[in-house]
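First comes the structure, then the notes that go with it.
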Amino acid sequence: MLVFEKSRKGRRLSLLPECDVEVVLPEEKDKRKLALHMPELSENELSRHYTELAKKCHGVNDGFYPLGSCTMKYNPKINEDMAALKGFTDIHPLQPAHTVQGCMEVIKTAEEYLCGITGMERMTFQPAAGAHGEFTGLLLIKAYHESRGDKKRTKIIVPDSAHGTNPASAVMAGYSVVSIPSGSDGCVDLVKLKEAAGDDVAGLMLTNPNTVGLFDKNILEITRIIHECGGQCYYDGANLNAVMGMVRPGDMGFDVIHLNLHKTFSTPHGGGGPGSGPVGCKEHLAQFLPSVLVEGEEELSFVKPANSIGELKSFYGNFLVVVRALTYLMTLGKEGIPAASKGAVLNANYMMHKLKDCYTMAYEEVCMHEFVMSLSDLKKKTGVSAMDIAKGLLDNGIHPPTMYFPLIVDEALMIEPTETESKETLDGAADVFRKLYEIAQSDADKLHAAPVKTPVERLDEVEAARHPVLKYDFNREK
Ligand SMILES: Cc1ncc(COP(=O)(O)O)c(C=O)c1O
């Protein structure tokens, strides 16, 4: 039931303190023409409403959430405690710099740590998400070529396994996209890459490990080919969880990167809160960054580099996400960061090993932090699809893995257990996957009908995507 349906005229709760400033009403011309519809509830009704909604959702605090490519790991509560400190929350972005030096220090320290982990020189925290970071990074690449009078570079090379945001960002930055096929080993096809590399190529976008969970062993050759044709190399850092503290994108030959603080560096993401996709770059691109933090004689302040592409977001980006990320970095420290990556890789391989005698793995090799199964054979044999297995998982209290991605794997289920799950959780989840596999052979219809234990049963996803009902129709009340 929606909050508006529970609303009763005149019911009240007081959440806001008494107004202690002069009330200034808008002029007549600025007043709203229609009545403001606000739900009217008592405090306990409101509290129950949100508790009820929370119970209907599945989050990392409810159970296993192996959403490949999304790194839904547990976010330590200390991150929240730090982000809730009044010194961080009770500030205003227009405050003079000398009154928020502590916050600037947080950004500076986070920049130092993250540049150290990635092998970059400078970083901006403005982008609010990974895709926003990609767009920012591509603008840096564009500004670099233009500053050299090199206007013929109109293409960005993107492997066919890439996340959809990569080609989308390239197009938004004004480039055309050249898609490079992956070889049978899941890595970039070097022959095709060499064919595509030329003096019209502005750069390459790549994530390593890639979206099928494999570390591209030819990475140095790949970045060399791109540099040799005059292009720049962009690292999509969304999969850094597998390699942080172990290997640096800067050392792989990348010039510019983004990170997903809301994944790798442990901040609730998705519906859970704002994101942060900081962009780091090597020295030769730093002159194009949005405003960067500069340490003056007396204070830290933001200064726009001479050839800056301009600001990408108001003020300093989603600052409290940076506080959480820094807390996470400082808690784990130099030893804990690579240990987290090793745990992520170990857990993924453990689970892959537990499933590979029934499910078909898209690639047989040792995986990094995630692995992809293809349910193509199962579907042919039983009619049970990746979607059916995913829905069956919901009935067993497990959030489904990423489905039908990457696009190069038919009937894909992409599993990323993350390092924060115990052996018992992984064993329990593997048992559920195996049980569903057996049900697929014996009672396929049961899986076609799943889920049956969730607040809503199977939805028409196409209808929901094409015709979403996003606002309440107040006329219904009449
Ligand atoms: C490999 C990869 N690149 C880029 C992104 C985009 O990140 P965001 O969702 O923060 O825009 C994602 C998101 O899942 C991803 O998995």
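Taking the criterion of being in a loop (DSSP other than H, G, I, E, B) and under 23 Å from the mean Cα position of the chain (by Cα), the residues of the stretch 363-382 that qualify are CYS367, MET368, HIS369, GLU370.
Do any strands (runs of 3 or more DSSP E) lying entirely in the stretch 174-263 carry at least 1 residues that are surrounded by 24 or more Cβ atoms within 10 Å (Cβ to Cβ) and of a type in the set (D, E, K, R), and which ones are they? Output list reads 232-237. Evaluated against (1) touching a residue at least 60 places away in the same chain (Cβ under 8 Å); (2) in contact with a Leu (Cβ under 9 Å, 6 or more places away or on another chain); (3) assigned to a helix (DSSP H, G or I); (4) of a type in the set (Gly, Ala, Ser), SER161 falls short on exactly one condition, (3). Note on the stretch 224-268: among residues that are in contact with a Gly (Cβ under 7 Å, 6 or more places away or on another chain), among the polar types (S, T, N, Q) and over 21 Å from ILE156 (Cα atoms), the one that is farthest from the ligand (Cβ to nearest atom) is THR267. Under the condition of being within 14 Å of the ligand (Cβ to nearest atom) and in contact with a strand residue (DSSP E or B) (Cβ under 7 Å, 6 or more places away or on another chain), the residues counted in the stretch 157-181 number 9. Of all residues in the stretch 132-145, those that are among the small types (Gly, Ala, Ser) have Cβ atoms under 9 Å from Cβ atoms of residues that are in a helix (DSSP H, G or I) and within 16 Å of the ligand (Cβ to nearest atom), 6 or more apart or on another chain, in GLY133/SER169; GLY137/SER169. State all residues of the stretch 103-149 that are within 16 Å of the ligand (Cβ to nearest atom) and small (Gly, Ala, Ser); if no residue qualifies, say none. Matches in the stretch 103-149: ALA128, ALA129, GLY130, ALA131, GLY133, GLY137. Examine the stretch 390-408 for a residue that is out of contact with any Asp or Glu (no Cβ under 7 Å at 6 or more places or on another chain), within 15 Å of GLY68 (Cα to Cα) and surrounded by 24 or more Cβ atoms within 10 Å (Cβ to Cβ), and state whether such a residue exists. There is at least one residue in the stretch 390-408 that is out of contact with any Asp or Glu (no Cβ under 7 Å at 6 or more places or on another chain), within 15 Å of GLY68 (Cα to Cα) and surrounded by 24 or more Cβ atoms within 10 Å (Cβ to Cβ). Out of LYS31, LYS55, LYS6, one residue alone is among the basic types (Lys, Arg), surrounded by 15 or more Cβ atoms within 10 Å (Cβ to Cβ) and not assigned by TED's automatic domain parsing to the domain that holds TYR316. It is LYS6. Scanning the stretch 146-178 for residues that are more than 20 Å from the chain's Cα centre (by Cα) and within 19 Å of VAL212 (Cα to Cα) yields one hit, ILE157. Taking the stretch 56-100 as the range and being part of a loop (DSSP other than H, G, I, E, B) and small (Gly, Ala, Ser) as the test, the residues that pass are GLY59, GLY63, GLY68, SER69, ALA84. Is it the case that some residue within the stretch 268-288 is of a type in the set (Lys, Arg) and either more than 19 Å from ILE222 (Cβ to Cβ) or in contact with a Pro (Cβ under 9 Å, 6 or more places away or on another chain) (or both)? Scanning the stretch 268-288, I find no residue that is of a type in the set (Lys, Arg) and either more than 19 Å from ILE222 (Cβ to Cβ) or in contact with a Pro (Cβ under 9 Å, 6 or more places away or on another chain) (or both), so the answer is no.
The values are calculated or read from the model by the stated rules, or taken from the named source; none is laboratory data. What you see is a predicted model; the values in this text were computed from it and never measured. When we count neighbours, we look across all protein chains shown, and the Cβ atoms used for this are built from the backbone with ideal geometry, even at glycine.
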